[in-house]
Amino acid sequence: MIYIIGLGAGSEKHLTKETIEILSDKSRKLYLRTEIHPTVDFLKRENIEYKSFDYLYEKSESFDEIYEEAVNKILEYAEKDQITYAVPGNPVIAEKSVFSMLKKAREKNIDVKVFSALSSLEVIYAALEVDPLDGILIMDAANLNPARLNRNISTLLVQVYAQHIASETKLALMEVYPDTYPIIVVKAAGIEGQERIEEIPLYQLDRIDWIDHLTSVFIKSNQFPLTDEEMEISGNTGTERLINIVSYLRSPDGCPWDREQTPASIKKHIIEEAYEVIEAIELEDQDLLKEELGDLLLQVVLQAQMASETNIFDFDEIAEGIGDKLVRRHPHVFKKNMEVKDGEDVKNLWEKLKNEETDKKKQESYLSSIPRALPSILRAEKVQRKASSVGFDWTTISGVFEKIWEEQAELKEAYDSNDKEAILEEVGDMFFTLINFSRWAKVDPEEALTKSTEKFIHRFQKIEKSIKGQNKSFKDFSMEELEEMWKKAKIE
């Protein structure tokens, strides 16, 4: 049988009578997760023998590794002896090793009994004179996620046990709170002669020199009151704030231009912003990419806001929908009920699942799910890939080459006949066939055309520079002379 007990918040006065009886039971072997705790002085005075796992902190690389090894040792010892495992505070508050032990003990059919104790939380509440029922968000400072912070709720951060944790905590808090926001640092709450409580501005958190394993940080809600306008656009995360700003801009108190817009009136901006994102990626400019992704995200939020105003859907439903789709289309990851060898297998699986979903929606045609509004090259590529997925494709690339020669001849014939409609059709067929060739050759046709266009611009600009250097213009040169300059630009 394993007894799991808590050593209380720090003072021996916080030990329960039951805990003292268990500690004094010489028939049980006592193991401490750590002896770095004020109550250990009581054990030494009472000559209570114990062993600790502090040696693991020196040879292990992470806390999880320490906890795991300590748990395994206790379970091993429990097969021979009656064991008491003691941890700081309350065993079921912020104590991963206890929950790991409970799980593993059940698997090994080892009986475990957990005894309650006073945690550091209760003595901190008393020291700060706050009632947790008024609402307090409690988080581990060592694993602080700024996205969970909320300025409207008082927050208690525990385990600010070292200077580097204080520094990381400060930086995380500054994502939500002003640098000068008042915070309360609490050390050794409830321990006579050691308790220390100070209010300081947030930016000073990692500058105090008395932080140790008994330190916590308390942040009162709304210390800096927000104006009505700030309340309208505030948010716990950047995404939430953006949604609130767009909503406010569309409100009667917002911007006249934003209120006038409709999904159709701003649809062109989606394509424009998407192309600007692509340009930033090609330029490998990370700052520009961040800015352009923000502009693209704004278009999504605007469309979601307009839809939410008529109760069609909102941003959360968009995010939930794509989240569900990602899980649904990745059964090899989330269900692990099938195997994939490589990226090509994944693409085929995605297309298969997509087709099954399309069949359920009973599309008029197998290709009708491909939007007409897509750029023509992208739409042609998607049409060809979808047709290929059901077997409607050439068996070898030689068939594609033959099709190129065929379309070339038909284009020449249409041009010779001076039939504008026929020329338009044959030009389209030639483009379509070349896109098909790109797919077979595993070349992105959009990227290929972009490179060719950039190459043309680069060479043309060389000719421009040469002509300007001669104080002349294009009309001063024959086509033969310009051709020679072009050939020279290709070589340079």
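The values are calculated or read from the model by the stated rules, or taken from the named source; none is laboratory data. This is a predicted model, so every value here is computed, not measured. Here the Cβ is made from the backbone with ideal geometry for all residues, glycine too, and neighbour counts use every protein chain on show.
Kindly evaluate L23 against the criterion of being part of a strand (DSSP E or B) and touching a residue at least 40 places away in the same chain (Cβ under 8 Å).
Numbers: part of a strand (DSSP E or B): no; touching a residue at least 40 places away in the same chain (Cβ under 8 Å): yes.
Criteria not met by L23.
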*Is there a residue being assigned to a helix (DSSP H, G or I), closer than 30 Å to G343 by Cα and within 39 Å of the chain's Cα centre (by Cα) anywhere in segment 408-431?*
no
*asked:* Based on this model, can you work out whether A94 counts as at positive phi, of a type outside the set (D, E), in the same structural domain as V40 (by TED's automatic domain parsing) and in contact (Cβ under 8 Å) with a residue 24 or more places away in the chain?
replied: yes
_Considering only segment 448-470, I want to know if a residue exists there that is modelled with pLDDT under 90, surrounded by fewer than 11 Cβ atoms within 10 Å (Cβ to Cβ) and among the aliphatic types (A, V, I, L, M)._
no
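Checking the structure you have, find out if any residue of segment 253-261 is acidic (D, E) and within 28 Å of the chain's Cα centre (by Cα). If you could, list the steps in order and put the result at the bottom.
Filtering segment 253-261 down to residues acidic (D, E) leaves 253, 258, 260.
Retained after the next criterion (residues that are within 28 Å of the chain's Cα centre (by Cα)): none.
No, because not a single residue in segment 253-261 is acidic (D, E) and within 28 Å of the chain's Cα centre (by Cα).
Out of the residues in segment 201-225 meeting the condition of being of a type in the set (A, V, I, L, M, F, W, C) and surrounded by 15 or more Cβ atoms within 10 Å (Cβ to Cβ), tell me which one is nearest to A9 (Cα to Cα).
Start the filter on segment 201-225 by keeping residues that are of a type in the set (A, V, I, L, M, F, W, C), which leaves 202, 205, 208, 210-211, 214, 217-219, 224.
Now restrict to residues that are surrounded by 15 or more Cβ atoms within 10 Å (Cβ to Cβ): 202, 205, 208, 211, 214, 217-219.
Working: L202: 26, L205: 23, I208: 23, I211: 17, L214: 9, V217: 16, F218: 17, I219: 21 Å.
Per the criteria, the residue is L214.
Going through segment 313-340 one residue at a time, which ones are outside any helix (DSSP H, G or I), touching a helix residue (DSSP H, G or I) at 6+ places or on another chain (Cβ under 7 Å) and surrounded by 13 or more Cβ atoms within 10 Å (Cβ to Cβ)? Working first, answer last.
Step one: of segment 313-340, the residues outside any helix (DSSP H, G or I) are 313-314, 329-330, 335-340.
Next, only the ones that are touching a helix residue (DSSP H, G or I) at 6+ places or on another chain (Cβ under 7 Å) stay: 313-314, 329, 337-340.
Across segment 313-340, the qualifying residues are F313, D314, R329, V340.
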*Take the residues in segment 77-109 that are more than 12 Å from M1 (Cβ to Cβ) and of a type in the set (V, I, T), then tell me which one is surrounded by the fewest Cβ atoms within 10 Å (Cβ to Cβ).*
V92
